[in-house]
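Peer 1: This is the structure I want to talk about, given as structure tokens.
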Amino acid sequence: MRSINEFFARFGTLMLFILLEVVCLVMIVQLNDNQKSIYEHTLLVLNGEFQSRYNQVASYVSLREKVRQLQEENARLRAQKVQRVDIIWNQKDSVWNQDSSEIYHYYPADIISNNLQVRNNNLIINKGTQQGIQEAWGVMSDQGVVGIIQYCSAKYCSILPLVNLESSVSASIRSRNYFGNLGWVGPDVRKARLSAVPKHAEFTVGDTIVTSGYSTIFPKDLPIGVISDFTLPSGSNFYEIEVELFVDFGNLEQVYVVEHTEQDAIQITQKEEERDE
Amino acid sequence: MNNQWLKYGIKVVLILLIQVLIFQRMVFGWGGVNYVQIFIYPILIMGLPIKSPSSLVVALGFLIGLVVDIFYMSPGVHAGALTLTAFLRAPVLAFLEPRTGYNVDVVPSKYYLGLNWYLSYAGILLFIHIFTYYTLEIFTFVFFLEIWMKTLFTLVFTLIFAAMYQFLLDPKS
């Protein structure tokens, strides 16, 4: 109590003064037209200045993270490009040698809805048929395979992600050339299951799973995940392999839609073959 | 005590009447700009007894300024200036304190402390008041020169009237 009294004895006048001056300033800018317009103008200028400064700083802060992501992606792309050049060079004499460097087109897109309910997981992106996206194209992020376009409207597309019970992607164990079928049994969105890998296959935990390139949806060797566990059910000829996915579906923002420019031509060929048979 | 308050109340009413009936019309200048106004009402704060509680002085400054604002139709401008003047009265008094100190129950006036002392006291406080007034009135430092010019001319004329008040009435309380 005594300290409060001392405090008021020492600072009471100052506090009263500040209070009264604030009252005066409020009256001045509220009740006088000239001062009010000057005040509002100044406020606008200061606010605009502040906002633009803040935005600059904010974009700088997030820029670092963006640059880091782009660098990582760049590095991966660089590695992939080298691989691809090798492949083309190796196939120089083959009948399959065509100018395949432009086979895939990539369309950047943003995830606008991320609906991860245990059974019917789906994602929606902000690109649609207006931007040239079509159904059954692949979707990847800088981390790896995301899923396949399921349905397209003019402006939006829904994606059937890897982590959907309906999903099925042809995948292989990198550098071991065993192929299987990657699906999902739930409920963990960080894990998928690779099945139909034959009993005699050799691999270990930690091997990387990549796309096989046997479909027209994804290019070869896109990363999917790593083997975290596997079992060989008794009486079965095929392994059940648990794959830990690279893509973090809970935290996915930017993706690329993959177009295989020769998709139509290949499908026509397949149909003709079927008819011939 | 009551007698003292009554006398102060009458003084406030009279000075305010003189301010709004006479000095409010005495505005002149040249080149289309009114450089000179006369603000006599700060002497109501300046003339309070030296031992007055400082928070009372600040509150009185605010109230008197508010009344002046009603007549000048400038809510907050005179009040803001006079509140600052009232707040800075104590530091100015401390700054001008004679070596022997102030006697108890003395009012800051020519009668007790001499003309030179009174002119510097009134000069400092009136400068604070008038400069603050024009700053709040013009409300932008874009017209910095205008604020200074108006402050200077208004200060000179106001100081003349403040000194005249001391000579004519020679206040003792």
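Peer 1: Looking at the range A:136-158, is at least one residue within 17 Å of A:V226 (Cβ to Cβ), surrounded by fewer than 17 Cβ atoms within 10 Å (Cβ to Cβ) and either without any contact (Cβ under 8 Å) to a residue 40 or more places away in the chain or among the small types (G, A, S) (or both)?
Peer 2: no
Peer 1: Next up: Suppose the filter is at pLDDT 95 or above and under 18 Å from the mean Cα position of the chain (by Cα); does B:I128 pass it?
Peer 2: yes
Peer 1: Let me spell it out: the conditions are (1) more than 14 Å from chain A (Cβ to nearest Cβ); (2) at negative phi; (3) exposed (fewer than 15 other Cβ atoms within 10 Å of the Cβ), and B:G114 meets all of them except one. Which number is the exception?
Peer 2: (2)
Peer 1: Do you know which residues across the range A:216-241 are surrounded by fewer than 18 Cβ atoms within 10 Å (Cβ to Cβ) and over 21 Å from the mean Cα position of the chain (by Cα)?
Peer 2: Matches in the range A:216-241: A:S228, A:D229, A:T231, A:L232, A:P233, A:S234, A:G235, A:S236, A:N237, A:F238, A:E240.
Peer 1: Further question on the same structure: Residues being out of contact with any strand residue (DSSP E or B) (no Cβ under 8 Å at 6 or more places or on another chain) and closer than 16 Å to A:I133 by Cα: count how many of those fall in the range A:238-271.
Peer 2: Count: 3.
Peer 1: Looking at the range A:136-184, which of its residues are in contact with a Leu (Cβ under 9 Å, 6 or more places away or on another chain) and basic (K, R)?
Peer 2: Residues satisfying the conditions do not exist here.
Peer 1: Collect the residues in the range A:137-157 that are hydroxyl-bearing (S, T, Y) and modelled with pLDDT of 85 or more, keeping them in residue-number order.
Peer 2: Selection gives A:S141 alone.
Peer 1: Check off (1) surrounded by fewer than 22 Cβ atoms within 10 Å (Cβ to Cβ); (2) touching a helix residue (DSSP H, G or I) at 6+ places or on another chain (Cβ under 7 Å); (3) at the interface with chain A (Cβ under 9 Å from one of its Cβ atoms) for B:I15 and give me the number that stays unchecked.
Peer 2: With (1) surrounded by fewer than 22 Cβ atoms within 10 Å (Cβ to Cβ); (2) touching a helix residue (DSSP H, G or I) at 6+ places or on another chain (Cβ under 7 Å); (3) at the interface with chain A (Cβ under 9 Å from one of its Cβ atoms) applied to B:I15, the lone miss is (3).
Peer 1: For B:L82, which of the numbered conditions (1) at pLDDT below 95; (2) within 14 Å of chain A (Cβ to nearest Cβ) fails to hold?
Peer 2: For B:L82, the failing item is (1).
Peer 1: State whether one or more residues within the range B:35-42 are of a type in the set (S, T, N, Q) and touching a residue at least 60 places away in the same chain (Cβ under 8 Å).
Peer 2: There is at least one residue in the range B:35-42 that is of a type in the set (S, T, N, Q) and touching a residue at least 60 places away in the same chain (Cβ under 8 Å).
Peer 1: Right, A:V258: on the phi < 0 side of the Ramachandran plot and touching a Lys or Arg at 6+ places or on another chain (Cβ under 8 Å) or not?
Peer 2: no
Peer 1: Further, regarding this structure: Could you check how many residues of the range A:229-263 are polar (S, T, N, Q) and under 23 Å from A:V139 (Cβ atoms)?
Peer 2: So the count comes out to 4.
Peer 1: Name every residue in the range B:21-44 that is surrounded by 16 or more Cβ atoms within 10 Å (Cβ to Cβ) and part of a helix (DSSP H, G or I), in order of residue number.
Peer 2: B:F23, B:I43, B:L44
Peer 1: Residues to consider are B:L119, B:L155; find the one that is surrounded by fewer than 19 Cβ atoms within 10 Å (Cβ to Cβ), over 16 Å from B:G61 (Cβ atoms) and in contact with a helix residue (DSSP H, G or I) (Cβ under 8 Å, 6 or more places away or on another chain).
Peer 2: B:L119
Peer 1: May I ask you to say which residue of A:V139, A:V189 is closer than 23 Å to A:Q69 by Cα and part of a strand (DSSP E or B)?
Peer 2: So the residue among A:V139, A:V189 that is closer than 23 Å to A:Q69 by Cα and part of a strand (DSSP E or B) is A:V139.
Peer 1: What number of residues within the range B:96-111 satisfy the criterion of being touching a residue at least 24 places away in the same chain (Cβ under 8 Å) and either of a type outside the set (F, W, Y) or not in a loop (DSSP other than H, G, I, E, B) (or both)?
Peer 2: Residues meeting the conditions: 9.
Conditions tested, residue by residue: (1) in contact (Cβ under 8 Å) with a residue 60 or more places away in the chain; (2) surrounded by fewer than 15 Cβ atoms within 10 Å (Cβ to Cβ); (3) within 11 Å of chain A (Cβ to nearest Cβ).
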residue	(1), (2), (3)
B:M46	yes, no, no
B:G61	no, no, yes
B:I64	no, no, no
B:I70	no, yes, no
B:L93	no, no, no
B:G123	no, no, no
B:E137	yes, no, yes
B:V142	no, yes, yes
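Peer 1: Does A:F8 satisfy the criteria of being within 14 Å of chain B (Cβ to nearest Cβ) and either modelled with pLDDT under 75 or not in a helix (DSSP H, G or I) (or both)?
Peer 2: yes
Peer 1: Let me ask something else about it. Looking only at residues in the range A:205-229 that are in a loop (DSSP other than H, G, I, E, B) and among the acidic types (D, E), which one is nearest to A:S172 (Cα to Cα)?
Peer 2: A:D221
Peer 1: Right, something else. Checking B:K51 against (1) touching a helix residue (DSSP H, G or I) at 6+ places or on another chain (Cβ under 6 Å); (2) more than 22 Å from B:F161 (Cα to Cα), only one condition comes out false. Which one?
Peer 2: B:K51 satisfies all of (1) touching a helix residue (DSSP H, G or I) at 6+ places or on another chain (Cβ under 6 Å); (2) more than 22 Å from B:F161 (Cα to Cα) except (1).
Peer 1: Restricted to the range A:11-50, and to residues that are aromatic (F, W, Y) and crowded, with 16+ Cβ neighbours inside 10 Å, which residue is farthest from the other protein chains (Cβ to nearest Cβ)?
Peer 2: Among them, the one singled out is A:Y39.
The values are calculated or read from the model by the stated rules, or taken from the named source; none is laboratory data. Keep in mind that what you see is a predicted model, and the values were worked out from it rather than measured. In this analysis, Cβ positions are derived from the backbone assuming ideal geometry, glycine residues included, and neighbour counts consider all displayed protein chains.
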